[in-house]
Amino acid sequence: MFGLWGAARYYRTRRAALDATALAAVREAILDAPFMSTNNLNERFAGTYGFSVCFRRDGLPEVLAAFPAFEPYLRLALAPRANAFFLNPLLIADGAAVHPHIDLSLSTYCPEVTPPEVVSVLYVSVPTGLQGGALNLYQGERRVASVPPVEGTLLDFRGNLRHEVEGVRGGAPTIYDARLSLVMEQYSVPDETLERAPRFQLGTRRAAAGDPPLAGGAGEGAFGDEVRRALES
């Protein structure tokens, strides 16, 4: 996949990958999801918000049934050779960042897995006046790219690159105004590994925190409260 870009290329971008209507539908689907909460990923994502969807290619119908607005993104982003995926919305407001790491989320289910073939990022919402929030890519200790978020852009980068999201210093004072992306780790794994990956599984801190059942929308709790305050102001 990346060989077509040349040996010196670490990522590619597709500007205006989705039109404004499709982007708005993705944003609404994420913010209205009853699974949104503080991120259920590791400590490198502290202070960010989101949820996760782990699935195999044969679980794609369940993903589309749960999140039909994601269909245009998935149609564009899915790598032909990939057969296992870890999808997560990532919401970063002022003061938050993502610290350097290499994606390996599928290892929760398949400990022997190697880094994904590609990571695909759709920039769903980038507030005007955002300060910070660039994606930095590293090969070893050397930074090879710094990519500012551009709303509507689909970015693919090599899955074995260490990366970080710089701290958001301003322009996203509330969760509802945050830098919002939809990230998908795409793995190509052998059949014996694929058998241990879930066909379709949602991950959220809401269930782990013992919150009451949610009937749609942002739900109860700090996240829902902040969304409602932003909408009412």
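Rounded to the nearest 0.05, what FRET efficiency is calculated for Arg199 and Thr108 with R0 set to 22 Å and r the Cβ-Cβ distance? Write down the numbers at each step before the final one.
Values: r = 15 Å, r/R0 = 0.68.
Efficiency at R0 = 22 Å is approximately 0.90.
Do any GluC sites (Glu not before Pro) in region 143-196 lie in a DSSP loop with no more than 14 other beta carbon atoms within 10 Å, and if so, which? Please list the in-between numbers first.
Details: sites: Glu151, Glu164, Glu166, Glu185, Glu192, Glu195; in loops: Glu151, Glu166, Glu195.
Here the sparse-neighbourhood loop sites are Glu195.
Quick one: net charge around Phe85, please, counting Lys, Arg +1 and Asp, Glu -1 for every other residue with C-beta under 15 Å from its C-beta.
Details: positive: Arg56, Arg57, Arg75, Arg81, Arg196, Arg199; negative: Asp58, Glu62, Glu71, Asp103, Glu117, Asp156, Glu185.
Neighbour charge sum, excluding Phe85 itself: -1.
When only DSSP loop residues count, what chymotrypsin sites (Phe, Trp or Tyr not before Pro) in region 102-169 have their Cβ near at most 16 other Cβ atoms within 10 Å?
Tyr109
How much length would be gained if the chain were fully extended between Asp32 and Leu64, taking 0.36 nm per residue of separation minus their Cα-Cα distance, in nm to one decimal?
Additional length available on full extension: 9.9 nm.
Would you grab the residues whose amide H sits under 5 Å from the one on Gly132? Only those 5+ places off in sequence or on another chain, please, with H modelled 1.01 Å from N.
Those lying under 5 Å, H to H, from Gly132 are Arg169.
Each value in this text was obtained by applying a stated rule to the coordinates, not by laboratory testing. All figures in this text were calculated on a predicted structure; none of them were measured in a lab. Cβ atoms come from the backbone with ideal geometry, glycine included; neighbour counts cover every protein chain shown.
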